[in-house]
Every structure is written in structure tokens, then in C-alpha cells.
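Here is the structure we will look at.
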Amino acid sequence: MYRKGKLYFRYGTMGSAKTALLLTTAYNFEERNMRYVCMKPVIDTRDKKNVIRSRIGIERECKWIYPESDL
């Protein structure tokens, strides 16, 4: 059986814990042996590497999204 994934879009003001929610959700998926993918655009050069980092100090490796990527 082929299962389609879901795309979640979170939005809010700065400081509303969007990144922290993403990282805790990824952790919960990992604990339940569920598949997930964390991604960010290659033009995001704040960390100079493929990492999503929250202000509260948690981080997770992610995949780059290039302009030619077919999502």
C-alpha cells in the first residue's frame, strides 16, 4: 500500500516557537519510528551548514532544498 505524506505549514510572528515546534515534532516522529524529512532552502546561510537550529538551543540536521529541486 502506497501512503502519501503530509506537508505541514506553520506560520506565526517571530518568537512564536515555529522552529522549536518543528524540532520537537521531528523528535516525536523519530521516537515512534515514523518517517519524516526536515528541509530548508540552500539560500539560508545563517548556520553555514545543513542544520535547523532553534533559539532555545535544540538543533537537527536537515536536507537542502535547491532551486532545481523537484518536491
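Are any of the residues in segment 38-45 under 18 Å from residue 66 (Cα atoms) and at pLDDT below 90? Break it down stepwise before answering.
Start the filter on segment 38-45 by keeping residues that are under 18 Å from residue 66 (Cα atoms), which leaves 38-45.
Applying the additional criterion that residues be at pLDDT below 90 yields 44-45.
Among the residues of segment 38-45, at least one is under 18 Å from residue 66 (Cα atoms) and at pLDDT below 90, which makes the answer yes.
Are there any pairs with C-beta distances below 7 angstrom linking a residue in segment 56-71 that is under 14 Å from residue 40 (Cα atoms) to a residue that is open to solvent by 70 Å² or more (accessible area, probe 1.4 Å), with the two at least 6 apart or on different chains, and if so which?
Pairs found: 59/53; 62/39; 63/37; 63/39; 65/39.
Given the residues 40, 6, 49, which is the only one that is open to solvent by less than 100 Å² (accessible area, probe 1.4 Å), basic (Lys, Arg) and in a loop (DSSP other than H, G, I, E, B)?
On the way: 40 fails: in a loop (DSSP other than H, G, I, E, B); 6 fails: open to solvent by less than 100 Å² (accessible area, probe 1.4 Å).
Going through 40, 6, 49 in turn, just one is open to solvent by less than 100 Å² (accessible area, probe 1.4 Å), basic (Lys, Arg) and in a loop (DSSP other than H, G, I, E, B): 49.
Here's a check for you: in segment 9-25, which residue that is in contact with a Lys or Arg (Cβ under 6 Å, 6 or more places away or on another chain) and either within 23 Å of residue 71 (Cα to Cα) or surrounded by 11 or more Cβ atoms within 10 Å (Cβ to Cβ) (or both) is modelled with the lowest pLDDT?
Selected residue: 10.
In segment 8-25, how many are β-branched (Val, Ile, Thr) and in contact with a Phe, Trp or Tyr (Cβ under 9 Å, 6 or more places away or on another chain)?
The initial filter retains those residues of segment 8-25 that are β-branched (Val, Ile, Thr), namely 13, 19, 24-25.
Those left that are additionally in contact with a Phe, Trp or Tyr (Cβ under 9 Å, 6 or more places away or on another chain): 25.
Residues meeting the conditions: 1.
Given the criteria at pLDDT 90 or above, exposed (fewer than 13 other Cβ atoms within 10 Å of the Cβ) and in a loop (DSSP other than H, G, I, E, B), does residue 33 qualify?
Working: at pLDDT 90 or above: yes; exposed (fewer than 13 other Cβ atoms within 10 Å of the Cβ): yes; in a loop (DSSP other than H, G, I, E, B): yes.
So residue 33 fits the description; yes.
The values are calculated or read from the model by the stated rules, or taken from the named source; none is laboratory data. Small disclaimer: the values here were computed from a predicted structure and weren't measured. FYI the Cβ positions are ideal-geometry reconstructions off the backbone, even for glycines, and counts take in every protein chain you see. These accessible areas exclude ligands, DNA and RNA; they are computed on the full protein's heavy atoms, side chains included. Shrake-Rupley method; radii C 1.70, N 1.55, O 1.52, S 1.80 Å.
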